[in-house]
Amino acid sequence: MRIAIIGAGLAGLTAAYEIHKAEPDTHIDVLEAGERIGGKLFTVPFASGPTDMGAEAYLATRADATELFHELGLGDSLVTPSGARSQIYAGGRLRPMPRGGVMGIPSSSAGLEEILSEETRTLIDAEAGTAPVDWQVGGDASVGALVRARYSDEVADVLVSALLGGVYSSSADDLGIRATVPALAEALDRLAESGEPVTLSGAVKLVETERAEARKNSETTPVFQTFRGGYAELYEALADQCGADIHLDTFVSGITQVNGGGFQIKGGGEGTYDRVILAVPAPTAAVLLREVAPGATEHLKTIQLASSAVVGMRFDSAEGLPDVSGVLVASGEPAITAKAFTFSSKKWPHLGERGGALVRASFGRLGDEATARMDEDNLVDAALDDLQTITGFDGRAAGLSEIFVQRWFGGLPNYGVDHIATVARARTEISQVKGLEAIGAWASGVGVPAVIADAKAAVERLLDA
Ligand SMILES: Cc1cc2nc3c(=O)[nH]c(=O)nc-3n(C[C@H](O)[C@H](O)[C@H](O)COP(=O)(O)OP(=O)(O)OC[C@H]3O[C@@H](n4cnc5c(N)ncnc54)[C@H](O)[C@@H]3O)c2cc1C
């Protein structure tokens with residue numbers, strides 16, 4: 001059998017590895033437009049050590065990802081964070097990160113005295129007694145709209161856009177509940193099904209209770225982990241062990257199906273393939289599927305992408321950098337361009353061991369292309385100025401010894417309202433074409449474990465077809 005995989009990011013490389021594991025005799029060509037593998041995983045060789053400029057951690061509570069990393073022989077490379085907490089910058093001051101709640105959505109005002117105004121705290125506690133949410137079982141809504149309507153703009157802008165929005169490079173208003181906080185959507189469903197009044201605080205409380213129960217019954221796994229040598233350890237291990245021919249600088253512009261069912265690839269590969277996996281961002285998949293699955297194109301092209309930029313900075317001295325893992329900036333914070341800072345050398349002991357300080361500044365949200373496109377010098381200046389405004393740390397005086405600016409145009413798919421339904425419709429269309437799969441961060445979650453799980457499931461379907 002001959003299989004072509006388009007895209008050598010995490011999804012494509014995982015798919016190649018899984019195919020090779022199941023059927024070692026299969027010929028696999030991975031066709032990659034760029035000059036390197038890894039996609040949004042990208043480890044840059046700083047003189048001080050390998051440094052991630054794309055993803056920098058993964059959710060280790062997802063055992064399936066950790067299992068794959070052990071299977072690849074990377075178990076000893078996995079490292080855990082220091083446990084330092086992060087902070088939120090809002091209203092011109094640093095505030096502690098709230099404990100409890102779900103992705104920044106609280107169930108009560110308890111513990112939020114230093115974070116939210118008294119007026120907002122009163123609204124949160126009164127929410128359970130107000131008219132219930134008009135929630136349809138299985139329905140969806142914008143996270144921001146729900147939080148604004150039930151609590152206040154302050155909760156949406158200060159907490160939810162900073163926490164949840166940080167993960168997706170979007171504001172809370174551009175994110176769908178079902179796609180980004182599925183546990184909350186399910187709790188809202190359960191309240192509606194049971195005939196109880198549906199309230200936001202009630203649904204968040206349900207999720208908190210369930211999570212507390214789950215924690216009691218499970219071993220203590222660190223929530224996040226990463227690779228001592230950066231994500232390069234993962235994408236290089238996948239490439240080495242996937243048995244595929246990986247073709248770089250190979251831009252695929254279309255797929256056609258020949259009589260008899262095989263596929264031909266425009267722009268790369270050779271001859272006819274029995275199976276094809278698209279492992280590219282949704283708008284690219286939309287274009288590539290135009291001839292073979294035009295129905296899927298219609299759905300996939302509606303998925304928007306958010307662009308961002310990461311500025312990695314290494315300072316000779318860490319003196320004056322707060323002892324926290326980073327700072328999330330509330331949306332709409334005047335005079336600040338960055339959306340978040342990760343104090344990597346405080347967050348990760350293995351990076352702290354290098355001495356000095358390693359800081360990542362992140363810029364850009366959905367709908368704000370201009371920030372990710374800012375001139376390189378201006379981005380670095382904004383990173384240093386914002387860092388000083390927020391923390392008082394003077395990066396210029398601390399000896400800025402290394403800088404790397406990485407732009408991620410269309411870096412993350414937007415998980416908006418009805419995203420899950422859009423993906424399901426696209427996948428139904430794709431499933432009509434035997435031997436075709438489309439996978440990636442747009443499909444089942446943007447996080448590394450979700451992308452891996454999506455790729456594994458697609459390979460199972462494909463090899464069964
Ligand atoms: C800045 C940033 C930080 C992140 N941080 C985290 C994190 O800490 N933890 C976490 O779990 N996740 C994080 N993520 C998300 C995670 O990194 C991504 O969701 C995941 O790596 C995406 O993998 P993918 O294979 O689906 O897509 P991609 O990595 O985008 O791979 C797609 C590949 O397809 C190639 N391609 C595109 N078009 C074509 C074409 N026409 N022909 C051939 N090849 C093509 C591309 O060049 C690319 O290599 C982050 C993402 C970003 C952008």
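Each value in this text was obtained by applying a stated rule to the coordinates, not by laboratory testing. Note that the structure is a prediction, hence the values are computed from the model and not measured. Neighbour counts run over all protein chains shown; Cβ positions are idealised from the backbone, glycine included.
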For segment 95-217, alpha-carbon Rg over 2.2 N^0.38 Å: 0.98
Largest first and in whole Å, give the semi-axes of segment 352-404's equivalent ellipsoid, each being the square root of 5 times a Cα gyration tensor eigenvalue. 23, 12, 11
Just tell me which lysines come within less than 21 Å, Cα to Cα, of Lys21; anything on the same chain fewer than 8 places away is out. Lys456
Whole Å is fine, so just give me how far the alpha carbon centre of segment 58-128 lies from that of segment 356-431. 19 Å
Counting other C-beta atoms within 10 Å, and keeping those with at most 16, which DSSP coil trypsin sites (Lys or Arg not before Pro) do you find in segment 355-461? Arg373, Arg396, Lys434
About the Cα centre of the chain, how large is the charge dipole given +1 on each Lys and Arg Cβ and -1 on each Asp and Glu Cβ? Please answer in debye to the nearest 20. 180 debye
What are the ³J(HN,Hα) values, in whole Hz, obtained from phi via the Karplus relation 6.51 cos²θ - 1.76 cosθ + 1.60 with θ = phi - 60°, for each residue of segment 113-118 in sequence order, with x given for Gly and Pro? 4, 7, 10, 10, 5, 4
Rotationally averaged projected area of the chain (alpha carbon convex hull; nm²): 22.0 nm²
Once phi for every residue in segment 69-76 is put through the Karplus expression 6.51 cos²θ - 1.76 cosθ + 1.60 (θ = phi - 60°), the whole-Hz ³J(HN,Hα) values, with Gly and Pro written as x, are 5, 5, 4, 7, x, 9, x, 6
Antiparallel versus total DSSP beta bridges in the chain: what percent is that, nearest 5? 70 percent
Please give the residues of segment 172-186, grouped as numeric ranges, whose backbone N is less than 19 Å from a label point set 7 Å along the Cα-to-Cβ vector of Ala457. 176-186
With Cα coordinates, the longest principal axis of the chain makes an angle with the long axis of helix 376-391, in degrees rounded to 10, of 30 degrees
